[in-house]
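Enquirer: Let me begin by handing over the structure; questions about it come next.
The values are calculated or read from the model by the stated rules, or taken from the named source; none is laboratory data. Keep in mind that this is a model prediction, so the values were computed, not measured. Glycine gets a Cβ as well: all are built from the backbone with ideal geometry, and neighbour counts include every protein chain shown. Areas reflect the complete protein model, heavy atoms only, side chains present, ligands, DNA and RNA absent. Shrake-Rupley method; radii C 1.70, N 1.55, O 1.52, S 1.80 Å.
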Amino acid sequence: VQLQAFGGGLVQAGGSLTLSCAASGRTFRTYVMGWFRQAPGKEREFVAAIRRTDGGTSYADSVKDRFTISRDGAKNTGYLQMNSLKPEDTAVYYCAADNSQFIRTIGGAYDYWGQGALVTVSS
């Protein structure tokens, strides 16, 4: 499975941005798509995840009610809609896929990773 993230960029605080993650290869093996981020000097952290079978989702408290994760099965693409962005959301965002049916928030549990997309939120 190969993942490729798109859509990073520079946005002002309060603005919106949508990240996309295109999956290719044996995507039927993957049940969960997740987004993680890593800010400069900080550890990678969980942002959101969605399960392919029932659309179940999970969000980090820091992004709940501002970010929305979704998935288009026909296109094998996942999305992260980010609204009301804050400077502290600045980070490299990574999409990941997990063969497990359970939504997990630990990056080490995910089997496949895409390259990062830089999101910079200016104040």
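Enquirer: Compute the signed sum of charges (Lys and Arg +1, Asp and Glu -1) over the other residues within less than 13 Å, Cβ to Cβ, of SER84. Don't jump to the answer; show the numbers that get you there.
Expert: On the way: positive: LYS64, ARG66, LYS86; negative: ASP65, GLU88, ASP89.
Here the count lands on 0.
Enquirer: Show me 45-51, 17-23 ranked by packing, highest mean number of other Cβ atoms within 10 Å first.
Expert: Working: 45-51: 21.9, 17-23: 19.6.
Highest mean packing first, the order is 45-51, 17-23.
Enquirer: Relative to the Cα centre, what is the charge dipole magnitude of the chain, using +1 at the beta carbon of each Lys and Arg, -1 at the beta carbon of each Asp and Glu, and rounding to the nearest 20 debye? Numbers along the way, then the final one.
Expert: Numbers: 13 positive and 10 negative charges, 50 e Å.
So the dipole magnitude of the chain works out to roughly 240 debye.
Enquirer: Moving on. Relative contact order of the chain, please, whole-number percent, based on alpha carbon pairs below 8 angstrom and at least 6 residues apart. Kindly include the intermediate steps, with their values, before the conclusion.
Expert: Values: 314 pairs, mean separation 45.4, N = 123.
Relative contact order, the chain: 37 percent.
Enquirer: Under a 1.4 Å probe, what is the accessible area of the chain per residue, stated in Å²?
Expert: On the way: 6320 Å² over 123 residues.
About 51 Å² of surface per residue is accessible.
Enquirer: Can I ask one more? Quick check: the distance between the Cα centres of region 100-123 and region 1-72, to the nearest angstrom?
Expert: About 6 Å separates the Cα centre of region 100-123 from the one of region 1-72.
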